[in-house]
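I have placed the structure first, in the form of structure tokens, so that the comments after it can refer back to it.
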Amino acid sequence: MELIRIKNLSRYFGQGEHEVKALDNIDLSVKEGEIIAMLGPSGSGKTTLLNCISAIDKPTSGEYYFREQGVPREKSEEMTTFRRENIGYIFQFFNLLSDLTALEYVLLLQQISGQSNEEEARSILASVGLEGMEDRFPSELSGGEQQRVAIAGNLAKKPHLLLGDELTGNLDSETTRQIMKVLSKACKEHGITTIFVTHDRSLCKYATRVLKLDSGRLISDEVGEMATASGAVKSAVEDATELVKGGISKAEKMLSNVVNKVKDAISEKE
Ligand SMILES: Nc1ncnc2c1ncn2[C@@H]1O[C@H](COP(=O)(O)OP(=O)(O)O)[C@@H](O)[C@H]1O
Ligand SMILES: [Mg+2]
């Protein structure tokens, strides 16, 4: 089912000779379940597009539908409700609240979007690899761990659409790999559609679709590795290598994982 439809969307900043076309006539349709990597040089409009999609920013012109409904543009209760019910957004310069522990942060976000549930909050933290760190404050966590708390909080909101801006921009490659795995697995499990912005081409392997922006225009739209059979096998082999490192006893799990991923990839092809 189509989640997002954007038609002729433009966002200009400034006026006259200072006018910047941050987004210039974007057309885009996103289906539920897609995991989209968005690439583009600095200043190409990536953040502006995420801001328009999340209804934080208002386009200068064009149409934007979410599940076939027009998205509210003026600051209003409707707009707040739209964001609360549909959108998770992990900002480029995210900021955890310094006096909340990881668990308290996830509970707070659950509460904002409905009801808090400690058991579920703990299980979401565990799913991003933070078991045992629930009671730590941000100052007691590494950058990668803080990023996982931000991801856990956004998963706890169970958004229909999760947006991430340069999620792993400041992290080393191993932490980046772990975070992208966690994110793509969790989104698949919870049926969350995702758009993540990145500078790092190698992250396309976690995407089912790759978009490229340049000077406010969409210049390319391709199938990502995650949506191809060979990509699924590659990722399964990577997982398997990890497991082997963890001990031969896990070989069984590894094999069934490979088999399932291949089955998934084949059924997606069909
Ligand atoms: N609030 C703003 N006021 C003026 N210009 C802006 C504003 N936000 C973004 N821009 C301009 O719009 C263009 C796209 O910016 P942005 O979406 O942040 O790019 P990216 O995230 O791809 O680096 C840039 O030229 C930027 O300077
Ligand atoms: Mg940006």
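The values are calculated or read from the model by the stated rules, or taken from the named source; none is laboratory data. None of the values given here were measured: they were computed from a predicted structure. For neighbour counting, all protein chains shown are included, and Cβ atoms are generated from backbone atoms with ideal geometry for every residue, glycine included.
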Considering region 41-72, residues that are among the small types (Gly, Ala, Ser) and near ligand 2 (Cβ under 9 Å from one of its atoms), and then whichever is surrounded by the fewest Cβ atoms within 10 Å (Cβ to Cβ), we arrive at 42
Answer residue from region 142-164, given it is within 20 Å of residue 2 (Cα to Cα) and assigned to a loop (DSSP other than H, G, I, E, B) and is farthest from ligand 2 (Cβ to nearest atom) among those: 158
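Can you give me the ranges of the strands (runs of 3 or more DSSP E) entirely in region 1-63 with at least 1 residues that are among the acidic types (Asp, Glu) and more than 16 Å from ligand 1 (Cβ to nearest atom)? Step through it out loud before you land on a result.
Working: elements: 2-13, 20-31, 35-39.
It comes to 2-13, 20-31.
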Reported set for region 172-211 where residues are surrounded by fewer than 19 Cβ atoms within 10 Å (Cβ to Cβ) and within 14 Å of ligand 2 (Cβ to nearest atom) is 199, 200
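Residues checked against (1) of a type in the set (Val, Ile, Thr); (2) at pLDDT 90 or above; (3) out of contact with any Gly (no Cβ under 9 Å at 6 or more places or on another chain):
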site: 120; (1), (2), (3): no, yes, yes
site: 135; (1), (2), (3): no, yes, yes
site: 146; (1), (2), (3): no, yes, yes
site: 153; (1), (2), (3): no, yes, no
site: 159; (1), (2), (3): no, yes, no
site: 172; (1), (2), (3): no, no, no
site: 180; (1), (2), (3): no, no, yes
site: 185; (1), (2), (3): no, no, yes
site: 191; (1), (2), (3): no, no, no
Given the criterion over 22 Å from residue 205 (Cα atoms) and either of a type in the set (D, E, K, R) or assigned to a loop (DSSP other than H, G, I, E, B) (or both), identify the matching residue among 107, 167, 130. 130
Single unsatisfied condition, residue 24 versus (1) touching a residue at least 60 places away in the same chain (Cβ under 8 Å); (2) in contact with a Pro (Cβ under 9 Å, 6 or more places away or on another chain): (2)
Taking region 1-40 on its own, how many of its residues are closer than 23 Å to residue 225 by Cα and crowded, with 16+ Cβ neighbours inside 10 Å? 11
Given the conditions (1) closer than 20 Å to residue 203 by Cα; (2) over 15 Å from the mean Cα position of the chain (by Cα), report the number of the one that residue 57 does not fulfil. (1)
Has region 53-66 got at least one residue that is modelled with pLDDT under 95, in contact with a Lys or Arg (Cβ under 8 Å, 6 or more places away or on another chain) and closer than 30 Å to residue 135 by Cβ? no
Every residue from region 64-94 that is in a helix (DSSP H, G or I) and either within 12 Å of ligand 1 (Cβ to nearest atom) or of a type in the set (A, V, I, L, M, F, W, C) (or both): 79, 82
Would you point out the residue of region 73-94, among those that are of a type in the set (A, V, I, L, M) and more than 16 Å from ligand 2 (Cβ to nearest atom), that is surrounded by the fewest Cβ atoms within 10 Å (Cβ to Cβ)? 79
Output for region 191-238, where each listed residue is outside any helix (DSSP H, G or I) and among the β-branched types (Val, Ile, Thr): 192, 193, 194, 195, 197, 198, 208, 210, 219, 223, 228
